[in-house]
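Data first, discussion second: the structure below is written as structure tokens.
The values are calculated or read from the model by the stated rules, or taken from the named source; none is laboratory data. All figures in this text were calculated on a predicted structure; none of them were measured in a lab. Every residue, glycine as well, gets a Cβ built from its backbone with ideal geometry; the counts of neighbours run over all protein chains shown.
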Amino acid sequence: MAAFQDIREQTEQKVMVHLLSEIERNPSFTQRGLAVELDIALGLMNQYLKRCVTKGWVRASQISPRRITYFLTPEGFKEKSHMVKDYLARSMTFFKEARAQCDEVFEQCKAQSWSKIALVGEGDLADIAKLVASGSEFVLDVVSTQADLKKYDTVIITDVMNPQGTYDAIKHKVEYPRLLTLNLLHISKVTP
């Protein structure tokens with residue numbers, strides 16, 4: 001749950017940074033266009049924008065009944081700078097932790113002579129795992145929970161959006177010692 005909360009906060013911060021940057025760059029942007037660009041619902045984009053106005057980071061000026069222009073306030077510029085710094089720091093921290101934990105897991109695989117590895121879950125963590133394993137004897141495949149996991153020497157969960165659900169979905173398909181998890185995902189291996 002903690003990993004999900006961190007990802008949610010990072011996603012919100014990423015959207016807010018993008019929103020404030022877009023307002024700075026193009027005050028006549030459309031909410032619909034930005035929502036599509038960020039792949040979020042229009043209503044959610046409207047909520048983010050209202051939050052920025054309420055906090056005093058953005059001012060709105062109505063040009064016509066259907067057109068509003070937005071401007072960053074001095075507080076908005078300052079907050080955007082803080083958000084960018086925090087977002088980059090969090091991203092680097094996540095990368096460093098993920099890289100170190102992937103190193104540990106791959107050392108474990110090497111000690112067991114496991115070379116064919118399934119990564120269950122797409123995204124940043126799978127990409128970091130592939131980066132860490134590059135140049136090694138490991139053969140990595142990013143697969144879904146529906147894949148035939150018996151053909152792999154080991155399985156590593158790399159799903160950051162629902163790590164516990166992914167673990168629960170595949171724990172009966174893989175021998176316990178061959179199902180590896182990273183501590184940063186906070187997966188409980190205890191059966192209720």
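Residues that are free of Cβ contacts under 8 Å to residues at least 12 places away in the same chain, more than 30 Å from K189 (Cα to Cα) and surrounded by 16 or more Cβ atoms within 10 Å (Cβ to Cβ) do occur in the stretch 21-38, at least one of them. Please find, within the stretch 134-158, the residue that is farthest from E9 (Cα to Cα) out of those that are among the charged types (D, E, K, R) and in contact with a strand residue (DSSP E or B) (Cβ under 6 Å, 6 or more places away or on another chain). Taking the candidates together, the pick is D153. Could you tell me which residue of the stretch 52-83 is modelled with the highest pLDDT, considering only residues that are touching a strand residue (DSSP E or B) at 6+ places or on another chain (Cβ under 9 Å) and basic (K, R)? Taking the candidates together, the pick is R59.
Cβ-Cβ contacts under 8 Å between residues 6 or more apart (or on different chains), taken from a first residue in the stretch 110-139 that is closer than 18 Å to V160 by Cβ to a second residue that is part of a loop (DSSP other than H, G, I, E, B) and small (G, A, S), are listed as A118/A147; V120/S144; V120/A147.
Before we move on, is G56 more than 30 Å from I128 (Cβ to Cβ) and assigned to a helix (DSSP H, G or I)? No, not satisfied.
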